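The values are calculated or read from the model by the stated rules, or taken from the named source; none is laboratory data. Note that the coordinates shown come from a computational prediction; the quantities given were computed from them, not determined experimentally. Here the Cβ is made from the backbone with ideal geometry for all residues, glycine too, and neighbour counts use every protein chain on show.
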Amino acid sequence: MQARKKYLLMTFFATWLLLSLFGGDQIRRLAFLPGKRSGALQSWPRWADGFLLESFADPEHLDGHEGDPEEPSPKARRELRRSIYRNSRCRMETCFDASKCREHGFKVFVYPLERGDPVSESYLKIIASLEESRYFTSNPEEACLFVLNIDTLDRDHLSLRFVRNIDEKIQGFPLWNDGRNHLIFNLYSGTWPNYTEDLGFDIGQAILAKASFYMEHFRPGFDISIPLFSKDHPRKGGERGWLHKASVPPPKKKYLLAFKGKRYLTGIGSDARNALHHIHNGKDIISLTTCKHGKDWEKHKDTRCDKDNADYEKRCPRDAQMCYHPAGRLLSCPHNLTLCFLLSLDQAACIPVLLSNGWELPFSEVIDWSKSAIVGDERLLLQIPSTVRCLHSDEILAFQQQTQFLWEAYFSSVEKIVHTTLEIIKDRIFHRESRPRFLWNVLPGGLLARPEFSTHLSDFPFYYLQQGSSPSGKFTAFIRAVSPVVSLSQPILKLIQAVSRSQYCAQILVLWSCEKPPPQSSKWPQTPVPLRVIHSSSNKVSDRFLPYPAIETDAVLSLDEHTSLSTNEVDFAFVVWRSFPERIVGFPMRSHFWDAGKSQWSYTSKWTNEFSMVLTAAAFYHSRYYHSLFTHFLPARLRGLIDQIANCEDILMNFLVSAATKRPPIKVTQKKQHRESPASQMLKSAPPSNGNLQFSQRQDCVNQFVSWFGYMPLVHSQFRLDPVLFKDQVSVLRKKYRHLERD
C-alpha cells in the first residue's frame, strides 16, 4: 500500500513537472490558477526628490497626474483620422477614373479663377505652372485631371490666408463628383498646438499633393508627398546647384555636421531640439539654437537660453559638409525637404541628415533618398556623430552631387514641383509606358526622360557607359536645302560628295525646304551611300528638328546647304561625338554674355577662346532623343517664334541640349576658311539694315529663351579637341587625319 502511494505521488509529481515544462501557458490559463491581470497604466509616483529630476524631465511628468490632458488618446486619434480621410483606402484603381485619360490623353483642367476670391502668391504660381504645361486644356470635357480654383495651400484656421466654407463651395461644382479625378495641393494643415492634418473640408476621393505628410495618413500609390516651399520660391528655373560653380571635388569644410534653428522649449519637437546639445562639441559638430519662439518663450526660459541666443546671433555654420535637420513643427525638415535643399544650396552642397520619424519624404515614390540624404531614427540621435564620421570622402562627394542633381531636377522652382507631380500621376495611369525608377535618379531626370520617347535605357544618349555599350558606328547626314539647285558647282553638291566619302556615313537625307521643286535624281551627284530627298510640308526652320522615321542612326550630322567640310573633318568630328554622345559636337561656335549696361543677355559671333554654343549648321548630336525633346517638350510658342522669324533654331537647340546635360557643347578643329551658316551668309550679302535686323533677332531670341527656361542654361567652355599631332612639325605620314591640314 505504501509503495502504491509512493508510485502515485511520483507519477503525479512527474506529470506536474512535464506540464510545467511543456504546457506552462495552458496551466496559467486554468481557472484554478488565476494569473496576474493587467491593470490600468500607473502614473508617475510622487517623487520625493523631484527637484533633482527637473533638469531631466518636465515637472508635469513628476507631479503624479495622469498624463497630458491635451494629448489625445489612440482611440481619439483614430476617430480624428477617419473624419479627416474618409476614403483612406483610396487607390488609383478604386478612386480614379482612368478611362478619360485613355480617351483624350492626359489633360489637366484648372477651374477658372473667380473675381474676389483670395488666392495666395504661391497658389498663383501653381496655377500658372499648370496652365503653361503641355498637359493643360481649357475644355473640361477633354480633361481627366481637375485642379480647384480655391486656394487650399494654408489650412491653418489661425492664418490670414485660410479660406473658409470650402465644403459648401466645392459641393456646388458640377465637376466635383466627390473629388474623383481631382488634385488638391496643400502646404500647411492643422494649427497650434497639435498640428493635426485636418484640412477643414472633406477631400473625398481627390488625390492629395501635400507637404508635411505623415505616413499614417499617406495613401501609397495615390497621394503625393511634395516639398514645403516658401512664397519666395521662384516660379520657373531657380538657382543652379553649388557644385556647378565650385571645383570638383569641393574644398574640405570646417565643420562635419551643423545645425542652426529654433529650440522649442515646450510642445511638439522640443525633445528632439533640446537633445542637440548632447552631440555639440564646438569643433567639428556644432548646434546653434535659439529659444526665441512664440510670444511667451521667456516664461519657459531655461539656464541655457541666454548663451544659446548669443551664439545663434553671432555664428552662421555655412562651412559644413552635412546639415542636421531634426524633427520640429510645421517647418521641421523631413517633410520640408525643399528648405533642406535651399539650405544645402546656400551652405555649399550640405548633405541633409534627416531625423524625423513617420514622415513621408517628398516624391519618395520615384526618388531614391538613400543616395542623397542620411535618413535615421530620431531616437538614435547620439549615434549620428559616429555614423557621419564613417563616411569616406568619395561617398560624401557622391551624396553632394546627387543632392545638387535632385535640387536642379525637381525642387528649384514651383514649376518643377508641379510638373513632377503631374508626371508621377501620369506614370500611374499609363503604368505600362511609365519611366523606370532609375531614370528619375540620374541625369537628366524624369522630367526630361519622356516615356513617349522610350523607357529603354539604351535609347538615351546618357547611359551607354552604365550599359557597357556604345552608340551606333554610323551617322545620317541631314542637309537642309532652301535654295534651288541651278549649277553643278553649288556648295550643296560638293558637300554631299565630301560627306558621302566618310567611312562612317550611312545615308544622306536632304530636307527640301525650297518653293521650287528639287532636281531630278540624275542631277544629284553619285554617292556610295543612299541619297534621299524629303519634302518639307511647311518650309519652317523647325522642320529640321522633327523626329523623322527615316533617321535610323543614333547620330545625325546637321548641315546647312552652304556649309563647307572635308571628309577628314567629318570623320574626326564623328569619332569625338561617339565619346560624348549626349552633347553637341561640331565646328562653328558662338557665345553669350551678360550685358550689365542693358541688364540683359547678349549674343556674339566673335571668335574668342570661350564659347557656349556650337551651331547646327555643322554639328553632330543624338538625333532621336533631341528631335523628340525639341518637338514634344518645348512649348509650341517657342517653335512658333523661330518659324515666324525664320531664325534662332540653332540657338534653341543649344539651349535644350545644355539644359538636359548641364554641360557645354564640344568644339572640334576646323579650317580657317570654313564657311559660315546660311543665316550669316545672307547677312553678308543683304543690306546692312537687314543684317542688323537678323542679328538683333538673335539677341532677342536669347532673352526670350531664358525667360521660358527661367534661367540661363548655356555653359561657357574653352575646351577644343584636335587630332593627335595636329599642326605639329612632324611628317604628315605620321598623322591619321593628314588631309585635315592640307584641304
Within the stretch 157-184, track down each residue that is within 28 Å of residue 101 (Cα to Cα) and either aliphatic (A, V, I, L, M) or not assigned by TED's automatic domain parsing to the domain that holds residue 208 (or both).
166, 170, 175, 183, 184
Quick check on the stretch 697-717: of everything there that is out of contact with any helix residue (DSSP H, G or I) (no Cβ under 7 Å at 6 or more places or on another chain) and more than 19 Å from residue 635 (Cβ to Cβ), which residue is surrounded by the fewest Cβ atoms within 10 Å (Cβ to Cβ)?
716
Do you know which of the residues in the stretch 459-486 that are closer than 14 Å to residue 442 by Cα and hydroxyl-bearing (Ser, Thr, Tyr) is nearest to the chain's Cα centre (by Cα)?
463
Do the conditions hold for residue 578, that is, is it surrounded by fewer than 20 Cβ atoms within 10 Å (Cβ to Cβ), in contact (Cβ under 8 Å) with a residue 24 or more places away in the chain and part of a helix (DSSP H, G or I)?
yes
Has the stretch 503-516 got at least one residue that is under 18 Å from residue 561 (Cα atoms) and either loosely packed, with under 14 Cβ neighbours inside 10 Å or not assigned by TED's automatic domain parsing to the domain that holds residue 623 (or both)?
yes
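Could you pull out the residue among 487, 522, 558, 536 that is buried (at least 16 other Cβ atoms within 10 Å of the Cβ) and at pLDDT below 95? Quick ask: steps written out before the conclusion?
Numbers: 487 fails: buried (at least 16 other Cβ atoms within 10 Å of the Cβ); 522 fails: buried (at least 16 other Cβ atoms within 10 Å of the Cβ); 558 fails: at pLDDT below 95.
The conditions single out 536.
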Which pairs have Cβ atoms under 6 Å, sit 6 or more apart or on different chains, and link a residue in the stretch 118-130 that is polar (S, T, N, Q) to one that is in a helix (DSSP H, G or I)?
129/414; 129/415; 129/418
Quick one: count up the residues across the stretch 358-384 that are in a helix (DSSP H, G or I), modelled with pLDDT of 85 or more and under 26 Å from residue 277 (Cα atoms).
0
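Please list, ordered by residue number, the strands (runs of 3 or more DSSP E) wholly in the stretch 127-214 having 3 or more residues that are in contact with a helix residue (DSSP H, G or I) (Cβ under 9 Å, 6 or more places away or on another chain), within 22 Å of residue 233 (Cβ to Cβ) and modelled with pLDDT under 95.
On the way: elements: 145-147, 182-186, 207-210.
Output list is empty.
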For residues that are charged (D, E, K, R) and more than 25 Å from residue 93 (Cα to Cα), scanning just the stretch 400-440, find the one that is surrounded by the most Cβ atoms within 10 Å (Cβ to Cβ).
408
Per the filter on the stretch 462-496, residues closer than 24 Å to residue 660 by Cα, assigned to a helix (DSSP H, G or I) and either free of Cβ contacts under 8 Å to residues at least 60 places away in the same chain or acidic (Asp, Glu) (or both) are 465, 466, 467
Filter result (modelled with pLDDT of 70 or more and under 36 Å from the mean Cα position of the chain (by Cα)) within the stretch 289-311:
289, 290, 291, 292, 311
With of a type in the set (A, V, I, L, M, F, W, C) and touching a residue at least 12 places away in the same chain (Cβ under 8 Å) as the only criterion, which of 620, 593 stands out?
620
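If you check 631, 616, which single one turns out to be among the β-branched types (Val, Ile, Thr), buried (at least 21 other Cβ atoms within 10 Å of the Cβ) and outside the structural domain of residue 134 (by TED's automatic domain parsing)? Steps first, answer last, please.
On the way: 631 fails: buried (at least 21 other Cβ atoms within 10 Å of the Cβ).
On inspection, the qualifying residue turns out to be 616.
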Only residues that are closer than 17 Å to residue 364 by Cβ and among the β-branched types (Val, Ile, Thr): list them for the stretch 411-425, please.
417, 420, 421, 424, 425
Based on this model, can you work out whether residue 425 counts as of a type in the set (A, V, I, L, M, F, W, C), within 21 Å of residue 210 (Cβ to Cβ) and in contact (Cβ under 8 Å) with a residue 12 or more places away in the chain?
yes
Looking at 589, 613, can you tell me which residue is of a type in the set (A, V, I, L, M) and out of contact with any Phe, Trp or Tyr (no Cβ under 8 Å at 6 or more places or on another chain)?
613
Is it fair to say residue 458 is assigned to a loop (DSSP other than H, G, I, E, B) and either in contact with a helix residue (DSSP H, G or I) (Cβ under 7 Å, 6 or more places away or on another chain) or at pLDDT 90 or above (or both)?
no
(1) more than 30 Å from residue 634 (Cβ to Cβ); (2) modelled with pLDDT of 95 or more; (3) not in a loop (DSSP other than H, G, I, E, B) all hold for residue 499 apart from (1)
